[in-house]
Amino acid sequence: MIKNNNLSIYIHYPFCKSKCPYCDFNSHISKNIDEDDFANAYLKEIDYFAKKLSNRTIKTIFFGGGTPSLMPIKLVDQILSKLSSIWQFDSNIEITLEANPTSFEAAKFKDFKSLGVNRLSIGIQSLNDKDLQFLGRNHSAQEAIDTIKSVRKIFDNYSFDLIYALPNQNLQNWQKQLEEAINLSANHLSLYQLTIEKGTKFYKMHQNNDFKMPKDDLAADFYDLTNQITKENNLNLYEISNYSQRNKECQHNINYWLSGDYLGIGAGAHSRLYFDDEPRRRSYIMNYHDPKKWQNNILSKNNAIQNIGHLTLEELLEELLIMGLRLSSGINNEIFQRHFAKKYQDLINLEKIAKLSKLGLLDFNENNIKITNKGRILTNNIISQIL
């Protein structure tokens with residue numbers, strides 16, 4: 001393994017004002033939070049891992065959730081101060097915080113910026129009131145637009161999410177929304193087709209035929225239209241669902257996709273990293289999901305680890321391909337060398353790669369392997385064939 005001291009930090013804040021019907025993230029509705037105990041749990045968990053991860057440089061920090069913009073300003077300050085006291089921050093560190101477009105949260109944006117947050121990711125989801133109602137969002141389209149306008153006065157680097165290919169949505173409706181989003185001067189957009197996940201309210205509704213999802217052909221048309229409009233407006237498709245202007249890509253997520261080390265702090269957070277005392281064995285960690293159980297475990301024994309272990313070489317290769325081939329730029333041999341001290345040619349069946357290449361679905365050369373634009377919509381199938 002090639003030594004790499006860079007580290008990304010993910011901070012999970014698990015609380016929301018309400019649960020969206022499509023959401024399968026670890027989010028909880030809670031009105032009675034002991035913020036001091038919760039803050040102590042975050043700080044103790046960071047201390048626990050600090051002893052196992054020395055001499056690291058923090059490249060990115062991401063406050064996700066849940067709804068991190070509901071976090072008290074004091075808590076964000078405590079976490080960033082703790083992290084900076086333990087590890088060196090990269091001179092170009094990216095610190096992202098997810099936010100919802102409500103006036104209560106928007107009032108805190110300047111405070112977040114003063115603490116060092118330099119990138120905001122806003123959960124807009126739609127610029128259409130009817131769609132917002134279907135998606136269970138607590139804001140209007142106008143509130144979303146007003147929030148974006150206020151954010152761009154404070155942050156040079158920001159993003160917002162939109163969900164498309166909704167039941168009864170047509171291509172004209174989506175084109176109008178997307179063009180409006182681009183006109184709001186976005187330098188980064190995350191554009192997701194609606195998926196129905198088990199355990200969500202939408203899953204039960206879909207099972208009961210309360211609504212029907214667009215057929216595959218129409219879903220493909222949505223995706224093609226999305227790529228066409230973003231390309232025409234200089235938003236580069238750099239990952240299956242993410243588009244940005246040059247140098248505005250989300251560096252935190254790129255680190256995930258390139259299988260860099262990341263440490264997850266908070267309820268239900270995951271980690272993938274090499275500990276100091278096991279530099280050749282990549283560890284996986286999953287925290288307890290329930291916020292109260294997470295908090296109690298940390299306050300009583302300094303960590304809330306539910307599962308911990310090591311990835312086999314086969315599992316590591318599978319993760320690397322699943323994540324890295326999401327990127328339009330694909331995976332360079334530097335990544336394979338870092339984890340395996342080998343090139344991809346030594347690890348993957350070259351006959352399968354050649355076959356996919358002849359079909360125009362995959363490009364490869366001596367140093368890189370990537371999925372073509374033609375193959376992008378078939379990414380999951382292509383990865384499964386390679387594996």
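The values are calculated or read from the model by the stated rules, or taken from the named source; none is laboratory data. Fair warning: this is a prediction, and the values are worked out from it, not measured in the lab. Neighbour counts are summed over all protein chains in view; Cβ atoms, including those assigned to glycine, are modelled from backbone coordinates with ideal geometry. All accessible areas refer to the heavy atoms of the entire protein, side chains included, with ligands and DNA or RNA removed. Shrake-Rupley method; radii C 1.70, N 1.55, O 1.52, S 1.80 Å.
Peptide packing for 112-121, 56-65 was compared via the average number of neighbouring C-beta atoms within 10 Å per residue; ordered from the highest value, the list is 56-65, 112-121.
Using heavy atoms of the protein chains and a probe of 1.4 Å, the accessible area assigned to H206 is about 60 Å².
Extent of the range 180-327 along its three principal axes (Cα atoms, max minus min coordinate, largest first): 51, 43, 33 Å. By the Cβ rule of 4.7 Å, the chain holds the following cysteines without a possible disulfide partner: C16, C250. Solvent-accessible surface of the chain, averaged per residue with a 1.4 angstrom probe and all protein chains in place: 48 square angstrom. A simple count of charges around N183, restricted to other residues whose Cβ falls under 15 Å of its Cβ and scoring Lys, Arg +1 and Asp, Glu -1, yields -1.
For Rg and Dmax of the Cα atoms in Å, the choices are (1) 21.1, 59; (2) 23.0, 73; (3) 24.0, 83; which was calculated from the structure? The value matching this structure is (1). Please report the carbon-and-sulfur percent of the accessible area for the range 328-380; probe 1.4 Å, protein heavy atoms only, DNA, RNA and ligands left out. Carbon-and-sulfur percentage of accessible area, whole number: 47. Annotation: Y22 carries an accessible surface of approximately 40 Å², with a 1.4 Å probe and no ligand, DNA or RNA atoms counted. Taking a ≥ b ≥ c as the square roots of the eigenvalues of the Cα gyration tensor, the range 266-387 is prolate, since a/c reaches 1.5 or more and a/b is larger than b/c. The listed residues R376, R326 rank as R326, R376 when sorted by accessible area, largest first, using a 1.4 Å probe.
Over 25 Å apart at the Cα level, from the set K153/K248; K215/K374; K44/K153; K108/K248, are K44/K153.
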